[in-house]
Amino acid sequence: MAARKSQAMTLEEFLNQKAVRNAHVKHPEFSTLYVRHAMRIIRGQMMEVFDLASAEAKRPGRGAFTRLIQSLDNLDKPIFAESVWNLRLADWLLRNGFERTYPEQCFVKMPKLYNPSHESEQPERTN
């Protein structure tokens, strides 16, 4: 008996679950959209991120990527754009709230509710 191909989930379904760590997701504006729930070192700290590993718009240059990032603006974790070799896209990311990060050619956008003043705070010890 042949294995049955599983149904691809939508981006929203992917974001609302944790069991599947990576997937090619269905999106009306993208022919390819590969994403992950991943752990990355950001600003010296290990953090869970939404990893945007690969994206190919059905109609490039028509705002699909802008709308995708806007739809992710309320995530409670950083958005990590992996291996950006397109210079035009790299410039766009920098103009739209992303910063360069490690490794080279990668960018991260911190969540709106992120508070950098709490990065190094340690919980108070009680005896």
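The values are calculated or read from the model by the stated rules, or taken from the named source; none is laboratory data. Because the structure is a prediction, the values reported are computed rather than measured. Neighbour counts run over all protein chains shown; Cβ positions are idealised from the backbone, glycine included.
Residues in segment 51-77 that are within 15 Å of ARG88 (Cβ to Cβ) and basic (Lys, Arg): ARG62 only.
When the test is whether a residue is surrounded by 13 or more Cβ atoms within 10 Å (Cβ to Cβ), in contact with a helix residue (DSSP H, G or I) (Cβ under 7 Å, 6 or more places away or on another chain) and among the small types (Gly, Ala, Ser), ALA23 passes it. Across segment 39-49, not a single residue is classified as surrounded by fewer than 18 Cβ atoms within 10 Å (Cβ to Cβ), of a type outside the set (A, V, I, L, M) and over 19 Å from THR101 (Cβ atoms). May I ask you to say which residue of ARG95, ARG59, ARG88 is in contact with an Asp or Glu (Cβ under 8 Å, 6 or more places away or on another chain), farther than 19 Å from MET9 by Cα, of a type outside the set (Phe, Trp, Tyr) and modelled with pLDDT of 90 or more? Result: ARG59 is the single residue among ARG95, ARG59, ARG88 that is in contact with an Asp or Glu (Cβ under 8 Å, 6 or more places away or on another chain), farther than 19 Å from MET9 by Cα, of a type outside the set (Phe, Trp, Tyr) and modelled with pLDDT of 90 or more.
With modelled with pLDDT of 95 or more and more than 15 Å from the chain's Cα centre (by Cα) as the only criterion, which of SER6, SER31 stands out? Explain how you work it out, then say what you get.
Numbers: SER6 fails: modelled with pLDDT of 95 or more.
Going through SER6, SER31 in turn, the sole match is SER31.
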